[in-house]
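Here the structure comes first, spelled out in C-alpha cells, and everything after it is commentary.
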Amino acid sequence: MFNEVLGIGFAILNMIFVLIMYKFFGRTGLFVWVGFATVLANIQVVKLIEIFGLTATLGNAVYGSIFLVTDILNEKYGQKEAKKAVWLGFASLIMMMVIMQVVLLFEPAPDDFAQQSLGTIFGLIPRIALGSMIAYIISQYTDVIIFSFLRKLFPSDAAFWIRNNGSTMLSQLLDTLIFTSIAFIGVYPTDVWISIFISTYVLKFLVSIVGTPFGYMAKRITPVDEK
C-alpha cells in the first residue's frame, strides 16, 4: 500500500504546487509550471512502478497536472493562452532533449561518477521524447479544442468538472496510445506494453479527477499580480 498512498499524496502535492504558482505568479507561474512539468515528466517516465496492482510509468501525476493547467488557462484567459502554454511545453521538451544529448557527448573525467547514470536516463530520452512530443502536441491541442467546445455546451461555473474531465478523458486516451506505442513497443513484450498502456491511462484519468477540485479552487484565486 506504500506506493498507493504515496501516489495519491504525490498527485495532490503537484496540484497544490500548481495553485501556489498561480496564486503568486499568475499566468506566468502557470506557463513556467507547464515547461517545468513537461521536462520533469519525461525524466520520471523512465521509471516503472507497481501501483494499484498495475505496472505503470512514473510521471503520470506531474504530466496530468499539465492538463489541469491548460484547462485553468482556457477557463480564465481563453483558448489562445492555453495554446501558448502547450507550445511552451513543447519547446521546453525539445530543448531539454537536445541539450542533454550534447551533455552525454562530453568525455567524462576519470573520477566522474555521473556519466553512466546520465546515460541510463537520458540515453532513452530521444525515443521517449519523440513519443512524448508527438503525443503531447496532439493530445494537448485536442484537450484545448474539446474544452472550448464543452464550454459552449456547458458554460456554467458549476459545470467546470464536465469541461475538465470530458476534455481530459478523451485527450489523455489519445496521448497514452500515441506515447506508449512510440516509446515502448519493441522495448517491452506486448503484454507489458498493454499493461503499461492501460495502467497509464487509468492513472492519468485518476489524476485528472483528483485535480478537478483544484481547478475549482483556481477559479476562485485572484493572483497577486492581478489584484
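Quick rundown of the values:
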{"read-out": "Sequence-distant lysines (8 or more away, or on other chains) whose Cα lies within less than 18 Å of Lys47", "value": "Lys204"}
{"read-out": "Two-site label geometry, Lys47 and Ala158: point separation in nm, points 7 Å out along Cα→Cβ", "value": "4.2 nm"}
{"read-out": "Simple Cβ-charge dipole of the stretch 89-187, Lys/Arg +1 and Asp/Glu -1, about Cα centre, in debye nearest 20", "value": "540 debye"}
{"read-out": "Net length gained if the chain between Phe17 and Leu130 were fully extended (0.36 nm per residue, minus Cα distance)", "value": "38.0 nm"}
{"read-out": "Net charge dipole size for the chain [Lys, Arg +1 and Asp, Glu -1 on Cβ; Debye, nearest 20]", "value": "900 debye"}
{"read-out": "Span-like helix ranges in the chain, DSSP H, alpha carbon extent 15 angstrom or more, Kyte mean at least 0.0", "value": "2-44, 60-77, 79-105, 125-153, 160-184, 190-220"}
{"read-out": "Lys, Arg +1 and Asp, Glu -1 on Cβ, resulting dipole of the stretch 16-111 about Cα centre, debye, nearest 20", "value": "480 debye"}
{"read-out": "Cα shape, the stretch 12-58, gyration tensor, a/c 1.5 rule", "value": "oblate"}
{"read-out": "Low-density loop positions, trypsin sites (Lys or Arg not before Pro), the stretch 29-96 - DSSP coil, at most 11 other Cβ in 10 Å", "value": "Lys47"}
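Read the figures in this text as sums done on the coordinates, not as results from a lab. Quick caveat, the model's predicted, so the values are computed rather than measured. A quick note on method: Cβ atoms are made from the backbone with ideal geometry, for glycine too, and the neighbour counts reach across all protein chains shown.
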